[in-house]
Each structure stands twice: as C-alpha cells, then as structure tokens.
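In what follows, a structure is listed as structure tokens, so that the remarks can point back to it.
Computed from the coordinates by the stated procedures, all read-outs in this text should not be read as laboratory data. Model, not experiment: these values are computed from the prediction. Glycine also receives a Cβ, built like all others from the backbone with ideal geometry; neighbour counts cover every protein chain displayed.
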Amino acid sequence: MDSTTERTGDKARDEQVELRYFEERLAKSPQEVRERYSGILLDEQLRLAKENKGRPVKVSLDVREHFLNMAISGRDVDSVRMSRNMAKYWEAATSKDGRPPIGGAQDD
C-alpha cells in the first residue's frame, strides 16, 4: 500500500469518526433540539433540491453540524429562513446591479 492510499484510508476513517461523533451528539440532544434540527435540515434539503431541479442533494457534515448548533441555540426554521433572506436581500441591495442601500448608506 502506498502513501496516497494510506492517506485516503486515513481520511475516510477520520470522516467516519466525525460522522459517528455527530450522530452520537445528535442522539444525546433533547427531543426539541432534534425536532428543530430536523426542520432546519429539511428546509435546506428542499431549498437545495429546488435549485438542483428536483434531484436529491447531500448536505455536508460541516453544514449539518452548523444546523445542530443553531438548533441547540434555540433557532428554528423561520429564523434561519429570515436570516438567509436578509443576507440575500443585502447582497442584492449592495451589488452593482442592485438598488443602492436605503438612505444613501455606503460601504466604507
């Protein structure tokens, strides 16, 4: 076995360990946290599938961990949607093709 194969095997094992740790962390979370997490994850999967023309999508472990942290902090699907929309609207408002910010605000 050469060093490239060993590194690939090590990386796969590390990913499996991280996934197992995440699943244990999720399983140990209170029921309401798991419900919020499931709602946030489902909303993201639906959004990505819509962008992907209905094809199934896979959400990375890093993103799933971020969603679990949001659920633990008490955020729900609606607050996540609202912050995503605010970011989208801000990007549109400050882009060169978008309208200027309200009140003449400028980036410094």
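Brief remarks on what is shown
- Scalar couplings 3J(HN,Hα) for the stretch 24-33, obtained by applying the Karplus form with A = 6.51, B = -1.76, C = 1.60 to θ = phi - 60°, are 5, 4, 5, 5, 7, 6, x, 4, 5, 5 Hz; x denotes Gly and Pro.
- Between the stretch 71-87 and the stretch 42-69, the Cα center-to-center distance that results, in Å: 14
- Within the shell of other residues whose beta carbon sits under 13 angstrom from the beta carbon of Val17, the net charge comes to -2, with Lys and Arg scored +1 and Asp and Glu -1.
- Sites matching trypsin sites (Lys or Arg not before Pro) across the stretch 23-73 that sit in DSSP coil, with at most 11 neighbouring C-beta atoms within 10 Å: Lys53, Lys58
- Rg of the Cα atoms in the stretch 30-97, relative to 2.2 N^0.38 Å, amounts to 1.23.
- Signed unit charges on C-beta, dipole axis of the stretch 30-97, positive-most listed residue Ala87, Val59, Leu41: Val59
- Cβ-Cβ distance of Tyr21 and Ser83, R₀ of 35 Å, FRET efficiency by 1/(1 + (r/R0)^6): the value works out to about 0.85.
- The lysines whose alpha-carbon is closer than 25 Å to the alpha-carbon of Lys88, local same-chain residues fewer than 8 away aside, are Lys50, Lys53, Lys58, Lys96.
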